């Protein structure tokens, strides 16, 4: 039985499980599918929301390719998005009164990438030198970053006269990234997401860095014995992932929300984790799967309005697809390893 058959069985099983779940909660699988499609592509504004979500997803998934290839599970990517957003917000607030708006936005986006990279480096330092598992280090730093956002929103950066969970005060429109028409999609954000994906593919395919990351991920001790600077490669993976996640956070501030809000990451880091798990770090599959997940995410918002079902059902669908496809991959690998 070849790989395609295993994947087909896994996908059919996922669709069957999803249909049973929908029936169990009192819905119709057909109506849910139609509602999801309508919620994602029914109007130009809805399609624009899908594309606006796609851009940071591409950035985060591209970054996670580096850490996954090096054998690292960077669950701290949510915190790296948050720190990028914090850095961007701080720079916009600091520089807006003294520099031209376009330069401020550019520096803010660069600062967001640096903020995410430093937070990723901190995660890597805890893992490499502190001997803290990267999963626990990343999750712990997520809580720290979330706490820092809440402190800033309710403290030094609170709105004049009142602190609000709606976030800091809106930036002036001159500090917003331009969008297509009156939609939410920014051409700059899409361009950065696409460039990140292409750059990741080139690095992993054609550079010594990609080769060394694969060697470290497959056998850390053997890579060290062969003279590959394993510590440097591990830290580089964290920094690259953090920089791309921080860039996603910067875009959330400048292109989507135009301020810092408590849920600035919007769960995009964890969604990107599912995408990379599903693709097996195959960069070429990231774009279509990220687009599918983005559409599912946005389309799910229509479920409470159209069918009185919870929008979180789209998350159940995403999780079921990932779980059963991973099981299919596991069966395939077990079959190949059996004499």
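The values are calculated or read from the model by the stated rules, or taken from the named source; none is laboratory data. Computed from a prediction, not measured in an experiment: that's the story for all the values here. Cβ: placed from backbone, ideal geometry, glycine included. Neighbour counts: every protein chain shown.
Values computed for the structure shown
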quantity	calculated
Residue list for the range 144-172, restricted to those being touching a residue at least 12 places away in the same chain (Cβ under 8 Å) and assigned to a helix (DSSP H, G or I)	144, 145, 146, 148, 149, 150, 152, 153
So residue 19, is it out of contact with any strand residue (DSSP E or B) (no Cβ under 8 Å at 6 or more places or on another chain), at pLDDT 75 or above, farther than 30 Å from residue 181 by Cα and buried (at least 16 other Cβ atoms within 10 Å of the Cβ)	yes
Out of 253, 239, 276, sole residue that is over 29 Å from residue 322 (Cα atoms), in a helix (DSSP H, G or I) and within 17 Å of the chain's Cα centre (by Cα)	253
Qualifying position, being buried (at least 17 other Cβ atoms within 10 Å of the Cβ), over 30 Å from residue 182 (Cβ atoms) and modelled with pLDDT of 90 or more, among 253, 283, 276	276
Qualifying residue in the range 215-224 (condition: surrounded by 14 or more Cβ atoms within 10 Å (Cβ to Cβ) and at pLDDT 90 or above)	no
Candidates 71, 26, 90, filtered to the one that is at pLDDT 85 or above, over 16 Å from the mean Cα position of the chain (by Cα) and on the phi > 0 side of the Ramachandran plot	71
Evaluation of residue 79 against (1) at pLDDT 95 or above; (2) more than 16 Å from residue 270 (Cβ to Cβ) (one fails), failing number	(2)
Out of 47, 51, sole residue that is modelled with pLDDT of 90 or more, surrounded by fewer than 23 Cβ atoms within 10 Å (Cβ to Cβ) and outside any loop (DSSP other than H, G, I, E, B)	51
So residue 206, is it out of contact with any strand residue (DSSP E or B) (no Cβ under 6 Å at 6 or more places or on another chain), at pLDDT below 90 and under 23 Å from residue 170 (Cβ atoms)	no
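The rows are residues; the columns are (1) surrounded by fewer than 24 Cβ atoms within 10 Å (Cβ to Cβ); (2) touching a residue at least 40 places away in the same chain (Cβ under 8 Å).
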residue: 55; (1), (2): no, yes
residue: 68; (1), (2): yes, yes
residue: 81; (1), (2): no, yes
residue: 100; (1), (2): yes, no
residue: 103; (1), (2): yes, no
residue: 106; (1), (2): yes, no
residue: 109; (1), (2): no, yes
residue: 119; (1), (2): no, yes
